[in-house]
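Okay, so here's the structure we're looking at.
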Amino acid sequence: MTPDPNAAPAPPVLELTGVTRRYGSLTAVDDVSLRLPAGARHAVIGPNGAGKTTLLNLIAGTDRPDHGRIALDGEDITRTGTARRSRLGVARSFQQPSVIADLTVLDNVVLAGWPHHPERRGAWRRPSRYRRHTESAGRHLEAVGLADVAHRPASTLSHGQRRMLDLAAALAGEPRLLLLDEPAAGLTDGDIGRLLGIVGALPESVAVILVEHHVEVVAQLASTVTVLTAGRVLVTGPTQEALAHPEVRDAYRDTATTPSAAIAEAKG
């Protein structure tokens with residue numbers, strides 16, 4: 001079918017307008033606006049304390065803005081709770097992997113995907129439905145390299161394995177918007193390569209916001225970058241242009257590696 005040239009354009013998957021969050025006298029996120037179309041690969045970077053994780057919390061619904069608007073597919077979700085946002089297609093991973101230690105690796109992913117599965121009612125009591133849940137969860141574990149430990153308690157996993165389990169759990173909800181908070185932290189080079197492959201293989205319908213200190217990972221995954229400093233947007237633009245911007249280099253002046261140096265290292 002030929003697209004109608006007069007049809008209104010589809011709304012962005014995510015749109016933030018003037019979002020601000022204060023904690024007493026501290027303004028953690030200050031008048032931030034972002035617009036992500038379907039399939040966006042967008043990184044948010046900045047020095048420690050720039051407001052990056054707070055911004056993800058506001059998008060996920062674990063925190064509420066003092067001012068501004070958050071819209072998902074054109075629907076205002078500014079005051080919507082985390083459970084409904086999850087059902088609408090927002091998923092995230094965390095700086096510290098969020099796993100249920102007493103459950104098996106497989107059941108962690110089953111539980112994460114359960115609210116989104118069309119056969120969720122009574123799934124734990126009906127073997128055939130539970131089996132379909134586990135088959136779906138198994139595919140996500142295969143993708144993140146954890147299929148061989150699926151039946152082990154999550155408490156026995158290494159830090160890197162827990163981080164990959166956290167990612168599998170986020171993917172289990174078949175999200176429209178995936179929020180990744182420092183997913184490469186603590187990973188081996190092999191696991192970082194797997195992470196790059198997983199995110200690179202996501203459907204184009206899935207938008208991704210990546211908060212990451214490994215700027216070489218940002219350079220490979222993101223097509224656009226927003227740089228935050230003191231809660232405000234310093235620069236937003238195509239990845240290489242944003243990371244090479246003089247003000248961005250100044251923001252990273254006290255760190256070991258500047259963004260532009262990290263890009264050169266990744267290319268080299």
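The values are calculated or read from the model by the stated rules, or taken from the named source; none is laboratory data. Since the structure is predicted, the reported quantities are computational estimates derived from the model, not experimental observations. Cβ atoms come from the backbone with ideal geometry, glycine included; neighbour counts cover every protein chain shown.
Among the strands (runs of 3 or more DSSP E) confined to the stretch 10-62, the ones with at least 1 residues that are under 17 Å from Thr78 (Cα atoms) are located at 14-23, 26-36.
Within the stretch 83-112, can you find the residues that are without any contact (Cβ under 8 Å) to a residue 40 or more places away in the chain, under 30 Å from His67 (Cβ atoms) and in a helix (DSSP H, G or I)? Hits for the stretch 83-112 are Ala83, Arg84, Arg85, Arg87. All conditions but one from (1) under 23 Å from Leu14 (Cβ atoms); (2) in contact with a strand residue (DSSP E or B) (Cβ under 7 Å, 6 or more places away or on another chain) apply to Ile198; the one that does not is (2). Consider the stretch 63-82 and keep the residues that are surrounded by 17 or more Cβ atoms within 10 Å (Cβ to Cβ) and not in a loop (DSSP other than H, G, I, E, B). The one that is farthest from the chain's Cα centre (by Cα) is Gly68.
Against the numbered list (1) at pLDDT below 95; (2) loosely packed, with under 15 Cβ neighbours inside 10 Å; (3) of a type outside the set (S, T, N, Q), Ala137 comes up short only at (2). Against the test of being at pLDDT below 95, surrounded by 18 or more Cβ atoms within 10 Å (Cβ to Cβ) and under 21 Å from Pro12 (Cβ atoms), the options Ala242, Ala219, Ala251 yield a single qualifying residue, Ala242.
Just one residue in the set Ala184, Ala169 is surrounded by 17 or more Cβ atoms within 10 Å (Cβ to Cβ), in a loop (DSSP other than H, G, I, E, B), at pLDDT 90 or above and within 14 Å of the chain's Cα centre (by Cα); that residue is Ala184.
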